[in-house]
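Quick notes on the structure that follows.
The values are calculated or read from the model by the stated rules, or taken from the named source; none is laboratory data. Treat the numbers as computed from the prediction; the structure is a model and nothing was measured. All Cβ positions, even for glycine, are placed from backbone atoms using ideal geometry, and neighbour counts span all protein chains on display. Each accessible area value is taken on the protein alone, full model and side chains, heavy atoms only, with ligands, DNA and RNA left out. Shrake-Rupley method; radii C 1.70, N 1.55, O 1.52, S 1.80 Å.
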Amino acid sequence: MKQPVPSKHKDKVHNTFNTLLIDGSNLLEVSSRGDDKLSGTGKPTGGIFQFFLQLKMLLRKGNFRYVYVFWDGNQSGLLRYKLNSDYKANRDKEFEDEEELSDYMKAVNAKINGMKQYFSKKEDPAKLAQIKKQKEIFHWQREVIIDCLEELFVRQCMCDKTEADDFIGYYVTHKKSNERIVICSNDRDLTQLIAEDVIVYVQSLKDFLTVKNYTKIEGINYQNVVLKKVLCGDTSDNIKGIKGFGEKTLLNNFDEITKRKVTLNEVIEKAKNINEERAKLKKKPLKWAENIVNRVTDGVQGSEIYEINEKIIDLKKPLMTDEAVEMIENIMYMPIDPEDRTLENLYRILLENDVEDLRDETKFSNFFNEFLYLIDKEKRNLTV
């Protein structure tokens, strides 16, 4: 990826400005499911077209000075896996950090991988072939999109072992005081970043989640997203919570979580008090309340469940490599060099990759009209 000009850049404009942050991997996955169109040569280009269509619609919704697309890197999630070996195991995700392994452990992993290949042969070959094909399509479409975004002055980050969520979390916690953020993702994890000047557009809802409407739509106060996941876990990422304690039990017994920010210590203390009151009435203690106090989980976190879950879940303290931090710091607000970035290059990329919906020159110019405003702003950033 091309990077912005690596020179110090002071924002002299004190007026409020808008920035769009996109979870690129998530948006491409959603776009691919929404359009399985093939080109005349059989290339799966529907995801590419839908990605840019969604981005075009978002540009209509806000006057953005900057647009960033963040991608999951190779081995993304590895830093969380090191804290919790259950992490994303439900997605057939495999993590391996060869740089930190001894020769002995490399040999062990080789044997394990061999066993996996042996047993995978017993699975449905058609299903395995389909999964492999989907991954290949995703990576090919991503490369085409990355090339196109460079021509459109859209800033991008992708780094090994780092997830897109962490890039977004880092950006939000280091943004300018006069900057308003719109995050685009279907991933509800990112809603923990909501604030007065940060909102999240969820494609499946076709709506923005904000400080004002979050409780009505999601059922809890926006300040308690991390707390809920620390206690209840997250099935989508295979993070276990307190045994026997789910979201329904949380809402039924801790109504305050819908009204204001609640701390973990408050929950633990209340769980303790609930069973103390039951003891006075000579009633059996509630097992889930005991489990909260005693830190009982079915997960590998053990008694460190609260500390490990918080490290895995809290995006205001993102898990990133030094390389990833350096990468994002080098592109935040820095002016982009316009040299070699042209719409002619963009058209050539789309033509070479058979994105037939945009091959017609008239359709092409009309489709990317909204991007011209972004390009103009980025060029003016050079003189700000």
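Structural remarks
- Hey, Lys248 open to solvent by less than 80 Å² (accessible area, probe 1.4 Å) and in a helix (DSSP H, G or I) or not: no
To keep it simple, each residue is scored yes or no on (1) aliphatic (A, V, I, L, M); (2) in a helix (DSSP H, G or I); (3) touching a residue at least 60 places away in the same chain (Cβ under 8 Å); (4) open to solvent by 90 Å² or more (accessible area, probe 1.4 Å).
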{"position": "Asn265", "(1), (2), (3), (4)": "no, yes, no, yes"}
{"position": "Glu290", "(1), (2), (3), (4)": "no, yes, no, no"}
{"position": "Lys311", "(1), (2), (3), (4)": "no, yes, yes, yes"}
{"position": "Met320", "(1), (2), (3), (4)": "yes, no, yes, no"}
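- Test: residue in the stretch 325-337 that is more than 27 Å from the chain's Cα centre (by Cα) and closer than 19 Å to Thr45 by Cβ: no
- The set of residues from the stretch 271-288 being assigned to a helix (DSSP H, G or I) and crowded, with 17+ Cβ neighbours inside 10 Å comprises Ala271, Ile274, Asn275, Trp288.
- Scanning the stretch 129-151 for residues that are aliphatic (A, V, I, L, M) and in contact with a Gly (Cβ under 8 Å, 6 or more places away or on another chain), we see that the one that is least open to solvent (accessible area, probe 1.4 Å) is Ile145.
- Members of the stretch 35-72 that are part of a loop (DSSP other than H, G, I, E, B) and at pLDDT 95 or above: Trp71, Asp72
- Unmet criterion (only one of (1) aliphatic (A, V, I, L, M); (2) touching a residue at least 24 places away in the same chain (Cβ under 8 Å); (3) over 25 Å from Met158 (Cβ atoms); (4) out of contact with any Ser or Thr (no Cβ under 8 Å at 6 or more places or on another chain)) for Ile305: (4)
- With respect to (1) without any contact (Cβ under 8 Å) to a residue 40 or more places away in the chain; (2) under 21 Å from Met320 (Cα atoms), the lone exception for Lys206 is condition (2).
- Selection of first residues in the stretch 350-370 that are acidic (Asp, Glu) and of second residues that are open to solvent by 20 Å² or more (accessible area, probe 1.4 Å) and not in a helix (DSSP H, G or I), restricted to Cβ pairs under 6 Å at least 6 apart or on distinct chains, gives the following pairs, ordered by first then second residue: Asp354/Thr41; Asp354/Lys43.
- Residue count, the stretch 167-210 (criterion: of a type in the set (S, T, N, Q), farther than 17 Å from Leu59 by Cα and surrounded by 16 or more Cβ atoms within 10 Å (Cβ to Cβ)): 4
- Test set (1) under 23 Å from Glu143 (Cβ atoms); (2) modelled with pLDDT under 95; (3) in contact with a Leu (Cβ under 8 Å, 6 or more places away or on another chain) - Pro335 fails condition number: (1)
- When residues in the stretch 354-384 are screened for being more than 21 Å from Phe64 (Cβ to Cβ) and either touching a Ser or Thr at 6+ places or on another chain (Cβ under 7 Å) or part of a helix (DSSP H, G or I) (or both), 9 of them pass.
- Residues that are modelled with pLDDT of 60 or more, loosely packed, with under 15 Cβ neighbours inside 10 Å and in a loop (DSSP other than H, G, I, E, B) are absent from the stretch 100-107.
- For the residues Leu286, Leu343, Leu281, the requirement of being touching a Leu at 6+ places or on another chain (Cβ under 9 Å) and either modelled with pLDDT of 95 or more or not acidic (Asp, Glu) (or both) singles out Leu343.
- All conditions in (1) surrounded by fewer than 12 Cβ atoms within 10 Å (Cβ to Cβ); (2) within 18 Å of the chain's Cα centre (by Cα); (3) modelled with pLDDT under 75 hold for Lys93, with the sole exception of (1).
- Subset of the stretch 327-348 (residues that are part of a helix (DSSP H, G or I) and buried (at least 17 other Cβ atoms within 10 Å of the Cβ)): Met327, Ile328, Leu346, Tyr347
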